[in-house]
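Everything on this sheet refers to the single structure shown next.
The values are calculated or read from the model by the stated rules, or taken from the named source; none is laboratory data. Computed from a predicted structure; not experimentally measured. Here the Cβ is made from the backbone with ideal geometry for all residues, glycine too, and neighbour counts use every protein chain on show. Please note that ligands, DNA and RNA were not included when accessible areas were found on the heavy atoms of the full protein model with its side chains. Shrake-Rupley method; radii C 1.70, N 1.55, O 1.52, S 1.80 Å.
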Amino acid sequence: MPGKLFPIGGPVAEEDIVDREDFIVSLTLRLAEGQSVMLYGPRRIGKTSLACETLRRLKTKGFYVASVDFFRLTGKRDFAIALINACLENRTGIRKTLDVWKDRTKTIIGTDKLAIKLQDLELDLGLSRGEQDDDALLDYALGLPDVLAKRDKRPLVVLFDEFQDASRVAGTEIYKKMRSYFQNQKDVAYLFLGSKEGMIKTLFSDKREAFYRFATILPLPPIPAIAWVEYIAAKFRARGILCPPEPINEAISKSGGHPQDTMVVCSELYYALLEAGQDIISLELVQLGYERALLTLAPIYDEILDDLNLSFVGRQVLKRIATAAGIYSIAKANPNEIKRTIDHLLAKNIIEKTGRGSYTFVEPMFRDYLLREFFSGD
Ligand SMILES: Nc1ncnc2c1ncn2[C@@H]1O[C@H](COP(=O)(O)OP(=O)(O)OP(=O)(O)O)[C@@H](O)[C@H]1O
Ligand SMILES: [Mg+2]
């Protein structure tokens, strides 16, 4: 049985990361030099894939690496434990080293030799249990990366994924607290990933915000069509499938080269081809693959729409952008409300500005979905 030809969902392996080589090399160098980086971009564009590959390379160069995904965490204690575990994995190779902390009925003192390993990393094991201890544990966790790096004489790179969720997890004060620890950590570099562009940029580039000038801010660029063409053609060729340029260009033009959307289109195209028992990609198969990809992506697009929570006017604005109609001529709509909607759509990475008063969808397939499913009855 052939494996999954086009990987979808979650970080992809090195050989399936299209066109990010230069970016990964540059990111790896910066982090290796101790420069912290904030990497931002729209959803499902490949931030986590790129970060995981970067960490993998740093590890092979002898760095310690640790990663924490805020999306999965629910509270301060959870965060502290995740960070401590991620740091300690470098030493022991054992996951969930500190899980004992989750179990409030147990005492950590003398539990096992792992606790002793922590002792050498200056954890005060004499803490009593309770809310206050969550703060103490968090303080310890935030200081640990540097303690570990120094103790083991190994530079450490820490990845914080979905960084915009840190305040949900540990309260708004967390950013200041983190900065106060991180700024003195000479042997640790941080890689922050975020998808809420506005919030992330503010946090790192506004003088009044906690992470001002702490990290270099890098946007993740789109993947050029030519890189997709090469990748897709090579993948199909490896399976003995003929791949004329025209249908491939058509597939990429329909997906707009958006990483996940393009992968889903290619994957559905591949299965359509298998079902049809053919070994040459045609425009008809691309069309079929595209239709199926839209169905596959519908739940994601529904979620995006729910999250946008649009008013009546908001909906009209979205429709006008989707149909390339004038936005400021919506009957009885307040121009301020129209402006607010546009700012909201820009902040959510749904649209991007292409010129004065003109906007386009970041994901052409989302636009298509809206026209077919959402606005079709209007
Ligand atoms: N460079 C790439 N080349 C090919 N496919 C990619 C690339 N980047 C992302 N993808 C596709 O997009 C999917 C999502 O990638 P990933 O999880 O890395 O993105 P993300 O930006 O971290 O997403 P999220 O916003 O959900 O956290 C992957 O499973 C893969 O199908
Ligand atoms: Mg991600």
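I need a count of the residues in region 48-57 that are within 10 Å of LEU159 (Cβ to Cβ) and of a type outside the set (S, T, N, Q).
The total comes to 3.
Taking ASP187 as the residue in question, decide whether it is free of Cβ contacts under 8 Å to residues at least 60 places away in the same chain and more than 16 Å from ligand 2 (Cβ to nearest atom).
no
Of ARG213, ARG237, which residue is under 30 Å from MET178 (Cβ atoms), more than 16 Å from ligand 2 (Cβ to nearest atom) and free of Cβ contacts under 8 Å to residues at least 60 places away in the same chain?
ARG213
Residues checked against (1) at pLDDT below 95; (2) acidic (Asp, Glu); (3) under 21 Å from the mean Cα position of the chain (by Cα):
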| residue | (1), (2), (3) |
| --- | --- |
| VAL157 | no, no, yes |
| PHE160 | no, no, yes |
| SER167 | yes, no, yes |
| TYR181 | no, no, no |
| TYR190 | no, no, yes |
| GLY194 | yes, no, yes |
| LEU203 | yes, no, yes |
| LYS207 | yes, no, no |
| THR216 | yes, no, yes |
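If the Cβ limit is 8 Å and pairs must be 6+ apart or interchain, which residue in region 144-166 that is part of a helix (DSSP H, G or I) pairs with which residue that is basic (Lys, Arg) and within 16 Å of ligand 1 (Cβ to nearest atom)?
From residues that are part of a helix (DSSP H, G or I), the pairs are GLN164/LYS196.
Provide a single number: the residues in region 33-64 that are under 19 Å from PHE214 (Cα atoms) and either touching a Leu at 6+ places or on another chain (Cβ under 7 Å) or crowded, with 20+ Cβ neighbours inside 10 Å (or both).
Number of matching residues: 7.
Select, from VAL317, VAL313, the only residue that is part of a helix (DSSP H, G or I), in contact with an Asp or Glu (Cβ under 6 Å, 6 or more places away or on another chain) and within 29 Å of ASP343 (Cα to Cα).
The match here is VAL313.
What number goes with the only condition from (1) closer than 29 Å to ARG239 by Cβ; (2) open to solvent by 60 Å² or more (accessible area, probe 1.4 Å); (3) within 15 Å of ligand 2 (Cβ to nearest atom); (4) of a type outside the set (Ser, Thr, Tyr) that GLU21 does not pass?
The number of the failed condition is (3).
Is one or more of the residues making up region 1-8 away from ligand 2 (no atom under 14 Å from the Cβ), without any contact (Cβ under 8 Å) to a residue 60 or more places away in the chain and surrounded by 15 or more Cβ atoms within 10 Å (Cβ to Cβ)?
Within region 1-8 (the criterion being away from ligand 2 (no atom under 14 Å from the Cβ), without any contact (Cβ under 8 Å) to a residue 60 or more places away in the chain and surrounded by 15 or more Cβ atoms within 10 Å (Cβ to Cβ)), the answer is no, since none of the residues qualifies.
Identify all residues within region 31-63 that are in a loop (DSSP other than H, G, I, E, B), within 14 Å of ligand 1 (Cβ to nearest atom) and among the small types (Gly, Ala, Ser); write none if there are none.
GLY41, GLY46
Looking only at region 24-70, count how many residues are charged (D, E, K, R) and within 16 Å of ligand 2 (Cβ to nearest atom).
Summing the residues that are charged (D, E, K, R) and within 16 Å of ligand 2 (Cβ to nearest atom) in region 24-70 gives 6.
Report whether or not TYR328 is modelled with pLDDT of 95 or more and not charged (D, E, K, R).
Criteria not met by TYR328.
Has region 171-182 got at least one residue that is within 16 Å of ligand 2 (Cβ to nearest atom) and either assigned to a helix (DSSP H, G or I) or of a type in the set (Lys, Arg) (or both)?
no
Check off (1) in the same structural domain as ALA238 (by TED's automatic domain parsing); (2) touching a helix residue (DSSP H, G or I) at 6+ places or on another chain (Cβ under 8 Å); (3) within 22 Å of GLY41 (Cβ to Cβ) for ARG292 and give me the number that stays unchecked.
Checking ARG292 against (1) in the same structural domain as ALA238 (by TED's automatic domain parsing); (2) touching a helix residue (DSSP H, G or I) at 6+ places or on another chain (Cβ under 8 Å); (3) within 22 Å of GLY41 (Cβ to Cβ), the one that fails is (3).
Just one of the numbered conditions (1) at pLDDT below 95; (2) buried (at least 18 other Cβ atoms within 10 Å of the Cβ); (3) assigned to a helix (DSSP H, G or I) is not true of MET199; which one?
Only one criterion is unmet by MET199, namely (2).
Would you please list the contacts, defined by Cβ atoms under 6 Å and residues six or more apart or on different chains, that run from a residue in region 43-67 that is over 15 Å from PHE23 (Cα atoms) to a residue that is more than 9 Å from ligand 2 (Cβ to nearest atom) and not in a helix (DSSP H, G or I)?
Within 6 Å, the pairs are LYS59/VAL65; PHE63/PRO155; PHE63/VAL157; TYR64/ARG154; TYR64/LEU156; VAL65/VAL157; ALA66/VAL158; SER67/LEU159.
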